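Reviewing the structure listed below.
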Amino acid sequence: MKIRKIFNNNVILLTDDNGHEMIVMGKGIGYNKHNSDVIDFSQVEKKFVVEKATSDKLMGLIGEIPTEHLELSNEIIEYAEQQLALKFSDNIYITLTDHISFALRRFPEGIIVKNALLWEIKKFYAAEYEVAFKALHIIEQKTGVKLPEDEAGSIALHFVNAQQRGQDMKQTYQMTKIVNDLANIVKYHFGIKLDENSINYSRFLTHLRYFAYRILHDELIPEDRDSLYDHVKDKYPESYACAKKIRNYLEINYEKITTNEEMVYFMLHIHRVTNREHDLTEE
């Protein structure tokens, strides 16, 4: 592959004879090089083989920010993927890099953006938040800038967002709000404090997160004529009453009609998570 563009000594854009592009990073990889030169791949420390649309955006971003911020973001992404045992979508290289760079540039100006969903993020995305909080230490170690805890919440949402088929951040915020609101409906309906350390609570949150995603993408489970709806409704009347509140909330706030199949899952999860012997304490 030949050099198409040199961003600096450590970041360059390559292209092959078929027009395929790759952004590569490596210490001194672009030093004393020129366009059309062939590079030594033994110097490559990191490569970005992404879709062209993502590549174009990433190139535009690299032209606007210090490349050190790209390297910092890449280190955080690799750490997060390792800790969370997953692979993010390519778009995170753009969104997270842009966010971190902007946060670092506005910090000296005293511009601190509060995260209104910090409490919810810490509660519903605990694993992502823990990794994001560690990312603040990485940022401080590399730049000397100690960003506020609110930034850990924002970085955690970027991790969440990168797991959801590349949806935009607005939808991730909406998902978080829906999960929080639905959990509160259950909590206040039963007048209880749910045991957040229980396996049933963890299962409930997982269900809420995927349900919120389906709500925002119109992917609700369709009706089934052999549904267990009537049976479960009769067996767990209090869970049914709570699930009806959830159905009304979604219809009023999102104009979404919850199918009976979705209601069955809600009733089962609600019954399980509010089982007094295992999963709650009195408020």
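Side notes on the structure shown:
- Condition check for Ile139: touching a helix residue (DSSP H, G or I) at 6+ places or on another chain (Cβ under 8 Å), closer than 11 Å to Leu104 by Cα, surrounded by 14 or more Cβ atoms within 10 Å (Cβ to Cβ) and not assigned by the TED database to the domain that holds Phe204: yes
- Helices (runs of 4 or more DSSP H) fully within segment 173-283 counting 1 or more residues that are modelled with pLDDT of 90 or more and more than 22 Å from the chain's Cα centre (by Cα): 229-235, 237-254, 260-273
- Residues satisfying the stated conditions in segment 102-123, i.e. open to solvent by 80 Å² or more (accessible area, probe 1.4 Å) and either acidic (Asp, Glu) or outside any loop (DSSP other than H, G, I, E, B) (or both): Phe102, Arg105, Pro108, Glu109, Trp119, Lys122
- Of all residues in segment 20-45, those that are closer than 13 Å to Lys2 by Cβ have Cβ atoms under 6 Å from Cβ atoms of residues that are assigned to a strand (DSSP E or B) and among the hydroxyl-bearing types (Ser, Thr, Tyr), 6 or more apart or on another chain, in Glu21/Thr15.
- Residue match in segment 84-95 (condition: touching a helix residue (DSSP H, G or I) at 6+ places or on another chain (Cβ under 9 Å) and without any contact (Cβ under 8 Å) to a residue 12 or more places away in the chain): yes
- A Cβ distance below 9 Å, combined with a sequence gap of six or more or placement on separate chains, defines the contacts here; from segment 228-244, residues that are surrounded by fewer than 18 Cβ atoms within 10 Å (Cβ to Cβ) reach residues that are assigned to a helix (DSSP H, G or I) and among the hydroxyl-bearing types (Ser, Thr, Tyr) in the pairs Asp234/Tyr240.
- Here Ile155 meets the list (1) under 19 Å from the mean Cα position of the chain (by Cα); (2) surrounded by fewer than 22 Cβ atoms within 10 Å (Cβ to Cβ) almost entirely, failing just condition (2).
- The condition of being more than 30 Å from Ser202 (Cβ to Cβ) and outside the structural domain of Asn197 (by the TED database) holds for only one of Phe133, Phe124, Phe107, that being Phe107.
- Note on segment 188-206: residues that are surrounded by fewer than 17 Cβ atoms within 10 Å (Cβ to Cβ) and in contact (Cβ under 8 Å) with a residue 40 or more places away in the chain amount to 6.
The values are calculated or read from the model by the stated rules, or taken from the named source; none is laboratory data. As the structure is a prediction and not an experimental result, all values here were calculated from the model. Reconstructed Cβ throughout: ideal geometry from the backbone, glycine too, with neighbour counts over all protein chains shown. Surface areas here come from the heavy atoms of the whole protein model, side chains and all, with no ligands, DNA or RNA. Shrake-Rupley method; radii C 1.70, N 1.55, O 1.52, S 1.80 Å.
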